Every structure is written in structure tokens, then in C-alpha cells.
Amino acid sequence: MRAASPSSTASAVRALPQAAAALVLVLMLLVIVRLPWAGDLGMHAATVQRLRHSLLNPGNPLVDADTPSPYYSPWMLLLGCLARITSLSVFDVLRIGAVVGFGLLVTGVWRYVRTLSTHRAAPALAILSLVFLWGPLLFNWSGFLGLNSLALTVSYPSVFALGLSFHFWAWLTRALRAETRWPVWLGLGLLWGLILLCHQFTGVVASLGALAMVIAARPGRSVLLRLGAALALGIVLLWLWPYYDFFSLFSAGADLEAIHRPLYDHLAGRFGLVLLGVVALGLRARRDPWDPLVLFFVLGVLVFAAGGLTGHYSWGRALPAVLIPAQLAAALEVVSAGKRAMRLGWACVLGVALVVGAWAQAGTLGYVVGRDALPGAVAAKYRTPWVGYQWITPWVKYGDVVMARTFPARQIPAYGPYTVAPGYPDVFLPDAGRRDAAVARYFAAGTSGDVRRDIVREYGVRWVVGGKGAAEPWLRQVATGPGGQVLYQVAG
């Protein structure tokens, strides 16, 4: 038998990143078919529901109130139109949105990495680093690209906005490197505004990345003039968007800060492997202090640190501006470090880090095959998605108001009904606190039947989802669901 030649062995090794990245893409497509439910999926499904029934005046996505909502973005409007003109269910529409958003993300990463390296393995290495180079503690949050997080949020507007962001950075980088006409710059301005409207926090990350690229390019006066015009056009788009006042988000209340406080916890456990990328950024900075990834990272660190020091914890959503450049730098060092021995050594270190990160997120496989098909060690890492509330839909119709606690209130509006209080914080709902108090008072053990009846009348409640001990004389039990939940109909 003839031994493999060194060149064929080297080619096989170089093909490993592409093969591994292809497996990740296939896995994600299979996840989209299952569309596991956790986190904010109910909010986005409810948003599509409202737009499906009224494109011009959808009202609040979660409660029966005529208020604006930042969830009515251009992307969700497009999905709402798709739902309106087809017979597809809202969840099928979200699956289509997930495929489009994920496709944008993958192609965007490929295009942007191509502006940083022409090596054919660079995009695949970048994808692997973005999804696996995290830490031993599992971390899920929209706008963060860990594999498990991406599996749960792939249908969210944040993934679509991140995909647009990578395309935006690629387009901007090329525009800064060559003589570019005015229409291109104006298109960049509109794209920047579109990203901010689709997912505001990702828009901040996109803006920091763009600022880093502009600083790195050190453009002349004529380019700065075009950049100014692009910025102005993007701001006009934000100002003209009719579904919510984008600039009012700057005055969001303290609830937004409390929600994001956990972003500053367990940093080493969640993101420890990214330190490899920080080392890579140091090497890049030695070669070129104006490297755009280095500047991107520095800007992200400044915003993230400022949020922690001042108590503006929502600024922690800029953390991807720290992680993405570090993860990309770690991947690119494999193909851009000087000597062959150094590149090989770096590839081995990165490979070990990616295996560690992949093992931490191995439970993602359960979203495709289910827990029972997983080995015991992997099954222990699997987090069971939510069951959903489709069991109430034979009785509860679109627009009905349901009295429910916070957890079911995060899912019930996905099927068309409203709840008394929103399951998610809503900075545009002026009586959100009063609604939360009403729900808490209704389900409190010492509340009298008369008080409960008054709350039901005030908010037009037709149904109640509660436990078996929640019955009142004016409630009629209709159905039972998972976990001992009961659906009651309000008499009269």
C-alpha cells in the first residue's frame, strides 16, 4: 500500500475546518426544523401574530393595549407580511426567518473574513471560533453566537441583525479601501439604520465595529464627507420609522438595567476561552497598531466596562463587540502568523480550545435528536425547551385576554391571545407596573373572590390559566395541561 504523500496529508488537514464548519451548518439547519422554544421566542411569535392581523396598527404584542413596540422592526414587518399572505403558521414563518437570518450570518461572516484574509480556510475557522470559543459554563443570550445560544435564538431578529452587521462591515471595509461612489455610501447609511431598527443592541455592536474600521482606515476629507452623509441618512430612517420612537429607547427605565445585570457575572466561566483571542489580538497589535479587530475590541471593552462601573448594565449588550474581534483574531492567527511552526502550534492550541468549547455546548445535539438519544454525559448538558401552550388553542381564540402568571404569559400571546400583564418588560407600556400588580394580587393566596372578579372585569379577562386550586364559583374548568395547569373559562 502506498503511503499518503505529505501534500495530500496537508490538504486533508487544511480541509478539517471546512468539514467541521459544514457539520455545524447542518446541525443548525436541523435545529431550525425543530425550532426549540425558550427565552423570547413567544414575544417574536406574538409580534408576527399582531402584524398578520393588522400591518398598520398592530398594537401591543402581548397585552390588549394600543401602544408602540420596538419589536415592530422592518424584519418583523416583512415576516408579518409573509404570514398575512400565506396560510403558514406563525412558527413556520419564524422557521423561514431563521433560515434567512442564519444564511445572512454565515455569508456575512464569510464576506467580512475575506476582507481580513484570503486564506481559503479562514472563513471556516472563523465560524468555528464564533460558535465554540466561549467557556466551560453554558451561556445563552440573544445577540451572542455560542452554538447553544444560537440554536435557541436563531429565529430572533438579533441573528438577522448580526448577519446584516457582518455584511455591513465587509461592505464598509471595501468602501474605505477604494474609491467609492455616493450611492454606495448612502446605501451603507440605510443599512446601518436598518440594523439598529431590527435589533437595537446589535446595532450598537455594528456601530462600534464600523467606527473601528473607519479609525483604522484613517480616511481623508472626501470620505469623511460621504460618511457624514451616510450617517445622516441612517438617522433620518430611524426618525421616520412609524412603528415606535427609536430615540425614546435612550430613556428606558431601571428595569432594563436590572435585566442585564447578569451579563457581568461569571465572566471567566462563560468567556474564558476567548482569552486565546485576546492573545491573538496582542500579536496583531504588534504587527499593526491600527488593526481594525484590535480597535473593535478596545471600543467594546470600553463600553462594556463603562456599563459595569456606572450601573448601566444594559451596556453589557455591547459584549459581542469584545468577543467577536477576539474570536476572529484567534481564528485568523492560524493562517496569518509568521513562521509555519508558529502557525501549526497556534492551530493545535486553537483546536484544543474549540474542542473544550464544543464539549461545553454538546447538549445542543438534543435539540435535534432529543434527550433519550444522547449519551449520559451529553444528556446532562441538555436543557429541555419549553412545551408551549398549544393545548389551550381549541378554546382560547385570537384576541381573548388570559389571566396568567409570568411564565405562561411569555408563551400564550404566541398563539394570538393577550395576557393581562406582559411576560416581558415593556418600556412603552405606561401601566405595565399596574398590570403586574394586578396579576400578583389575583393569584395571591389571601385575595378574596370579589377582588379577583373585579380584576377580571377591569381587564376583560375571558380565561384563566392556573393550578387546580385556582377555581372560583364563576370559573368553569375547561381543560388541563402539562404540569397540572388548568384552563378556566370566566362565566358571564
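Below are the figures for this structure:
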read-out: Some residue of the stretch 443-453 being touching a Phe, Trp or Tyr at 6+ places or on another chain (Cβ under 8 Å) and within 14 Å of W391 (Cβ to Cβ); value: no
read-out: Inter-residue pairs, beta-carbon under 8 Å, first at positive phi and in the stretch 393-407, second surrounded by 13 or more Cβ atoms within 10 Å (Cβ to Cβ) and among the small types (G, A, S), 6+ apart; value: G399/G416
read-out: Identity of the residue in the stretch 326-380, of a type in the set (D, E, K, R) and open to solvent by 20 Å² or more (accessible area, probe 1.4 Å), that ends up nearest to V109 (Cα to Cα); value: R343
read-out: Candidate set: the stretch 429-486, residues that are within 32 Å of the chain's Cα centre (by Cα) and aliphatic (A, V, I, L, M); chosen: the one nearest to P68 (Cα to Cα); value: L429
read-out: Exclusive hit being surrounded by 13 or more Cβ atoms within 10 Å (Cβ to Cβ) and under 22 Å from Q361 (Cβ atoms), set L231, L238, L267; value: L267
read-out: Residue within the stretch 152-160 that is under 23 Å from A21 (Cα atoms) and over 18 Å from the mean Cα position of the chain (by Cα) present; value: no
read-out: Lone unmet requirement of (1) touching a residue at least 60 places away in the same chain (Cβ under 8 Å); (2) closer than 20 Å to D255 by Cβ for A432; value: (1)
read-out: Residue within the stretch 246-264 that is touching a residue at least 40 places away in the same chain (Cβ under 8 Å), surrounded by fewer than 17 Cβ atoms within 10 Å (Cβ to Cβ) and closer than 26 Å to V352 by Cα present; value: no
read-out: Answer from V278, V301 - the residue that is closer than 30 Å to V355 by Cα, open to solvent by 40 Å² or more (accessible area, probe 1.4 Å) and touching a residue at least 24 places away in the same chain (Cβ under 8 Å); value: V278
read-out: Residue within the stretch 74-92 that is of a type outside the set (A, V, I, L, M, F, W, C) and closer than 30 Å to G272 by Cβ present; value: no
read-out: Meets criteria (over 29 Å from A126 (Cα atoms), in contact (Cβ under 8 Å) with a residue 40 or more places away in the chain, open to solvent by less than 80 Å² (accessible area, probe 1.4 Å) and not polar (S, T, N, Q)) for L273; value: no
read-out: Residue match in the stretch 95-105 (condition: in contact (Cβ under 8 Å) with a residue 12 or more places away in the chain and more than 30 Å from L293 (Cα to Cα)); value: yes
read-out: Wholly enclosed helices (runs of 4 or more DSSP H) of the stretch 401-492 bearing at least 2 residues open to solvent by 40 Å² or more (accessible area, probe 1.4 Å) and in contact with a Gly (Cβ under 8 Å, 6 or more places away or on another chain); value: 406-409
read-out: Unmet requirement for G338, which otherwise passes all of (1) in a helix (DSSP H, G or I); (2) within 28 Å of A216 (Cα to Cα); (3) out of contact with any Pro (no Cβ under 7 Å at 6 or more places or on another chain); value: (1)
read-out: Some residue of the stretch 240-248 being within 21 Å of the chain's Cα centre (by Cα) and more than 21 Å from S69 (Cβ to Cβ); value: no
read-out: Filter result for L162 (in contact with a helix residue (DSSP H, G or I) (Cβ under 6 Å, 6 or more places away or on another chain), assigned to a helix (DSSP H, G or I) and in contact (Cβ under 8 Å) with a residue 40 or more places away in the chain); value: yes
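Conditions (1) among the aromatic types (F, W, Y); (2) within 25 Å of L275 (Cβ to Cβ); (3) within 28 Å of the chain's Cα centre (by Cα), marked per residue:
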| site | (1), (2), (3) |
| --- | --- |
| R343 | no, yes, no |
| A362 | no, yes, yes |
| Y367 | yes, no, yes |
| Q390 | no, no, yes |
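The values are calculated or read from the model by the stated rules, or taken from the named source; none is laboratory data. In this text the structure is predicted, and so the values were computed from the model without any measurement. Note: ideal-geometry Cβ built from the backbone for every residue, glycine included; neighbour counts use all protein chains shown. These area figures cover heavy atoms from the full protein model, side chains too; ligands, DNA and RNA do not enter into them. Shrake-Rupley method; radii C 1.70, N 1.55, O 1.52, S 1.80 Å.
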